[in-house]
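First up is the structure itself, then whatever we jot down about it.
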Amino acid sequence: MEREEFFERMAAGERVESGSDAHLLMHAFAREAQKITSELNTGYHTEEEIVLLMSRLTGREVDASFRLFPPFYTDCGKNIRFGKGVFVNSGCCFQDQGGIEIGDGALIGHQVVIATLNHDLDAAHRGDMHPKPVKIGKDVWIGAHATLLPGVTVGDGAVIAAGAVVTKDVPAHTVVAGVPARVIKKTE
């Protein structure tokens, strides 16, 4: 299976059967991501070096305004898109096979988890996976230890409180908190 076909299947939300060509390609992407994140997470790197490493990881140019405090973890890397002025704090884990888009000016706190895959609920097919993208709008702030689950869209200017578990879409210019996250107020 070719890379572009894989990402088209992920975007379409097609089931990935355990042991299939798509599943094997996931593992190949994971091995490459492990190499690059090992380099990223070892020793000190300038901001410019981090941008270059993240560009290698994603397979596309990351804007020079991007900032990240390592360590950073991902099990694919090739399906992440960062806007301009994005900041990612240390210890974040992105499971991006299903696709992660992060809008301009987004701030992502310590140890945030963004997941884009679910395993099948049928025990006979538990190794199969179902991708759904996560989309984060412009000027979003995600607090430390928040978790965003597959298929979630976060509207522009929204705030996700620390520790929240986001299971459904977050309207623009709102604050969500809790497990599961719910709207607690509007932003100004």
TODO: Hey, can you tell me all the residues within the stretch 105-130 that are within 12 Å of the chain's Cα centre (by Cα) and under 19 Å from Glu8 (Cα atoms)?
DONE: Ala115, Thr116, Leu117
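I need the full set of residues from the stretch 104-116 which are of a type outside the set (Gly, Ala, Ser) and surrounded by fewer than 19 Cβ atoms within 10 Å (Cβ to Cβ), in order please.
Of the stretch 104-116, the ones of a type outside the set (Gly, Ala, Ser) are 104, 107-108, 110-114, 116.
Within the stretch 104-116, Asp104, Leu107, His110, Gln111, Val113 qualify.
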Open item on the list: Looking for something more than 17 Å from the chain's Cα centre (by Cα), over 15 Å from Met129 (Cα atoms) and part of a loop (DSSP other than H, G, I, E, B) - is there at least one such residue anywhere in the stretch 28-41?
Closed with: yes
Task: Residue list for the stretch 52-88, filter: among the hydrophobic types (A, V, I, L, M, F, W, C), more than 19 Å from Thr42 (Cα to Cα) and surrounded by fewer than 19 Cβ atoms within 10 Å (Cβ to Cβ) - done: Ala64, Phe87
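Return the residues of the stretch 126-145 that are assigned to a loop (DSSP other than H, G, I, E, B), open to solvent by less than 80 Å² (accessible area, probe 1.4 Å) and modelled with pLDDT of 95 or more; say none if nothing qualifies. Spell out how you get there, then give the answer.
From the stretch 126-145, those assigned to a loop (DSSP other than H, G, I, E, B) are 126-128, 132-133, 137-140, 143-145; that's our starting set.
In the following step, the residues that additionally are open to solvent by less than 80 Å² (accessible area, probe 1.4 Å) were identified as 127-128, 133, 137, 140, 143-144.
Pro133, Gly137, Val140, Gly143, Ala144, listed by residue number.
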Open item on the list: Testing Glu101 on (1) open to solvent by less than 60 Å² (accessible area, probe 1.4 Å); (2) within 20 Å of Thr153 (Cβ to Cβ); (3) of a type in the set (D, E, K, R); (4) in contact with a Lys or Arg (Cβ under 6 Å, 6 or more places away or on another chain), one condition comes back false. Which one is that?
Closed with: (1)
Open item on the list: Given (1) in contact with a Gly (Cβ under 7 Å, 6 or more places away or on another chain); (2) under 20 Å from Thr167 (Cα atoms), identify the lone condition not met by Asn79.
Closed with: (2)
Open item on the list: Cβ-Cβ distance below 8 Å, separation of 6 or more or different chains: which pairs start in the stretch 156-171 with a residue that is touching a residue at least 40 places away in the same chain (Cβ under 8 Å) and end on one that is part of a loop (DSSP other than H, G, I, E, B) and open to solvent by 20 Å² or more (accessible area, probe 1.4 Å)?
Closed with: Asp156/Lys138; Asp156/Asp139; Asp156/Ala172; Asp156/His173; Ala162/Ala144; Ala162/His145
Open item on the list: Looking only at the stretch 3-41, filter to residues that are closer than 22 Å to Phe82 by Cα and of a type in the set (S, T, N, Q); which one of those is surrounded by the most Cβ atoms within 10 Å (Cβ to Cβ)?
Closed with: Thr37
- [ ] With respect to Ala162, determine if the residue is part of a loop (DSSP other than H, G, I, E, B) and surrounded by fewer than 16 Cβ atoms within 10 Å (Cβ to Cβ).
- [x] yes
Open item on the list: Of the conditions (1) under 25 Å from Pro71 (Cβ atoms); (2) open to solvent by less than 20 Å² (accessible area, probe 1.4 Å), Val170 satisfies every one except a single condition; which number is it?
Closed with: (1)
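The values are calculated or read from the model by the stated rules, or taken from the named source; none is laboratory data. What you see is a predicted model, and the numbers here were worked out from it, not measured in a lab. As a convention, Cβ positions derive from the backbone with ideal geometry for all residues, glycine included, and neighbour counts pool all protein chains shown. Please note that ligands, DNA and RNA were not included when accessible areas were found on the heavy atoms of the full protein model with its side chains. Shrake-Rupley method; radii C 1.70, N 1.55, O 1.52, S 1.80 Å.
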